[in-house]
Every structure is written in C-alpha cells, then in structure tokens.
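What follows is a single structure, and I will ask about it in a moment.
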Amino acid sequence: MSDLKQELARVERLVNEKMDALLPIEIEGRVGENRLARAMRYSALSGGKRIRPFILLQSANLFGVSESCSLMAAAAIEFVHCFSLIHDDLPALDDDDERRGQPSLHKKFDEATAILAGDALLAFAFEVLSHDTTHVDASIRLELVASFSKAIGANGMVGGQMIDILSEERDLNIEQITRLQRLKTGQLFQASCEAGAILGRATKNARNALRGYANNLGLVFQITDDLLDATIERNEDGTPRKNKSEEKGTYVAVLGVEKAKQQATILTAQAKEYLNVFGRCQSGDMLCDLADMVLNRTK
C-alpha cells in the first residue's frame, strides 16, 4: 500500500502541474476574463486527491499509453470533476459553504461567478480533449469526447444529480439507489477507466473489464462516503461534518450501517475480480490497491 501512496502523490503532483499549465492566466486589462480565470484556478487548484486522474493514468498504463497523452486526458477529467463540485455546492443543490477546508467558490466569489466558472471548466475540458497533444489520431480524440459527453450528461452524472434531487421527495428502493449512484458517481469513474482504454486502443473485452471495475468502484466510493457521514461527526479541521447519510438516496438509509459495509466489501471484491483479465502487472495491482483504499478510507 505504500507504493500506492507514493504513486498517488506522484500523479497528484503531475496532474496539478498540468492543470496549472493549461488553465487560463490573468492578462492586464481583461477584467471579466481575469475574474473568471481566478475563479477557475481557485476551484481547480485548491486540493483534492485526483483519484479520477489516477484511475485514468493507471488504465492507460495497462496499454502502454505515453504519460504525456494520458496526463492531458487526466487534466480534462479533473476539470469536469471540479465543475461538478462547484455546481453541487450552490444553494440550489447541496448548499455547502465549504469545500476542502476552504470557502466554496460561490462564497469566495459569488453565485453568478461560480456558475460561470463551472461552465467554463466544463467547456475547457473538451477543449483539452480535442487538442492534438491529447492524441495524434483525431478519431481517438472524438471517441474521448463522446465518452466524456455520455458520462456527464442526462444519462450520466447530471441525470444522477436529477434523480438525487427527486429522491428528497420520495423513497427509493435499493435498485433505484444503485442506479442513482452509478450515474451520479460511477459514470465519471467509468469515463476515467474508459479514457485509458480508448487512448490505448484496447479490445472490447479489456474495455468491459475496466467498465465493470469502475462501476463497482464508484459504488464503493459513494457507500464509504455515506458511512463516513454516518460515523464521523467532525472533519479533520474540526468543523462539523454535514451528515447526508440519512437522506433517502443512500445505501446507509436503506440498509443501515452494517449491511452497507458488507455491500461495500462485496463490491470491492467484485471490482478487483474484473482486473484479473490483465494478469499481474503494476498498474493492475495499483487499481486493486486503490479499491481496497477506497473501501477502508477514514476521511
């Protein structure tokens, strides 16, 4: 697991450097654009473990993709993730005043700027994907764009967010909650794995294996998030942790803490089984270790 921690730290550093280099900078005299650039940078460079970029890079490594290409796609997936966090924090959705121990973007700036910065990061992600440094083959870049679009849109992350909002008004059964979490959280994990496979021109069998891994990992990530909400009262900085585990659209609300833990353990084992098709290799082992880390995380 120490190797995983070192690799996570390395990827986090590389992705932060790539994002910093790609993001717009302030230019004298451009007042509106400069405010937007500051807001985009505040959100995108304010921390985070870069789990989705890590998944993308390890998936790409399975097929021998150059790190310079996979880092471009990794930065794009993180820009998408940052967009989703900005919008999730808005008063109309989760209404969170803090993100990663700092004021949420709409608190640091204002709601209008937060909305526009989120929109800009989403658009910028596709600009990065379409650049020829992401891949020399335009058909590969187009496939990446299609994959990201599907993962983000009405049948992906945004659709899951809509179900989540409606779940506040009605009870969901376990099948409906699973669909909610597969869309809201799992689709971006799947896009991360799939991007590595697309860049590496992987076979259908390999893509299906990574898709299965990512779907289960996304569910485990969400279950453990809900479990942390249910069992930890305060964040690391001492501030009260917002408990969302009792909301209707969570595994904990339907199954209870112990059964939710059991479900997460089963899903983790299944996620790791999907990777057997790749045999023993460094990146496959890293992805397996990541699944265990997500299951056992304490923050």
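Please state which of the following conditions Ser104 fails to meet, knowing it meets all the rest: (1) over 22 Å from Leu56 (Cα atoms); (2) surrounded by 16 or more Cβ atoms within 10 Å (Cβ to Cβ); (3) touching a Lys or Arg at 6+ places or on another chain (Cβ under 9 Å).
(3)
Then there's this: Could you check region 11-108 for helices (runs of 4 or more DSSP H) lying wholly inside it with 1 or more residues that are more than 30 Å from Asn276 (Cα to Cα), charged (D, E, K, R) and in contact with a His (Cβ under 9 Å, 6 or more places away or on another chain)?
The helices (runs of 4 or more DSSP H) meeting that bar are 67-89.
Check region 124-135 and report whether any residue there is buried (at least 18 other Cβ atoms within 10 Å of the Cβ), within 15 Å of the chain's Cα centre (by Cα) and modelled with pLDDT of 95 or more.
yes
Which residues, taken from region 28-63, are over 24 Å from Thr185 (Cβ atoms), among the small types (Gly, Ala, Ser) and at pLDDT below 95?
Within region 28-63, Gly29, Gly32 meet the criteria.
If you don't mind, there's one more thing I want to ask. Give me a count of the residues in region 195-212 that are within 23 Å of Ala264 (Cβ to Cβ) and not hydrophobic (A, V, I, L, M, F, W, C).
Qualifying residue count, region 195-212: 3.
May I pose another question? Please enumerate the residues belonging to region 1-45 that are closer than 25 Å to Ala291 by Cα and surrounded by fewer than 12 Cβ atoms within 10 Å (Cβ to Cβ).
Passing the criteria: Met1, Ser2, Asp3, Lys5, Gln6, Arg13.
Another one. Where in region 184-299 are there helices (runs of 4 or more DSSP H), lying wholly inside it, with at least 2 residues that are out of contact with any His (no Cβ under 6 Å at 6 or more places or on another chain) and at pLDDT 95 or above?
Details: elements: 187-199, 204-231, 251-255, 257-274, 282-296.
It comes to 187-199, 204-231, 257-274, 282-296.
Out of Ala191, Ala195, report the one residue that is over 17 Å from Phe221 (Cα atoms) and either surrounded by fewer than 24 Cβ atoms within 10 Å (Cβ to Cβ) or in contact with a helix residue (DSSP H, G or I) (Cβ under 9 Å, 6 or more places away or on another chain) (or both).
After applying the criteria, what remains is Ala195.
What are the residues in region 156-181 that are in contact with a helix residue (DSSP H, G or I) (Cβ under 9 Å, 6 or more places away or on another chain), of a type in the set (D, E, K, R) and part of a helix (DSSP H, G or I), if any?
Asp164, Arg179
Could you grab the pairs with beta carbons closer than 6 Å, sequence gap of 6+ or different chains, first residue in region 18-36 and under 17 Å from Thr133 (Cβ atoms), second one among the basic types (Lys, Arg) and not in a loop (DSSP other than H, G, I, E, B)?
Leu23/Arg41
Among the candidates Thr185, Thr178, single out the residue that is in contact (Cβ under 8 Å) with a residue 40 or more places away in the chain and either surrounded by fewer than 21 Cβ atoms within 10 Å (Cβ to Cβ) or of a type outside the set (Gly, Ala, Ser) (or both).
Thr178
What residue, of Phe109, Phe148, is surrounded by 13 or more Cβ atoms within 10 Å (Cβ to Cβ), of a type in the set (Phe, Trp, Tyr) and within 30 Å of Ala197 (Cα to Cα)? Quick ask: steps written out before the conclusion?
Values: Phe109 fails: within 30 Å of Ala197 (Cα to Cα).
Exactly one of Phe109, Phe148 is surrounded by 13 or more Cβ atoms within 10 Å (Cβ to Cβ), of a type in the set (Phe, Trp, Tyr) and within 30 Å of Ala197 (Cα to Cα), namely Phe148.
The values are calculated or read from the model by the stated rules, or taken from the named source; none is laboratory data. If you're wondering where the values come from, they're calculated on a predicted model, not measured in any experiment. Neighbour counts are summed over all protein chains in view; Cβ atoms, including those assigned to glycine, are modelled from backbone coordinates with ideal geometry.
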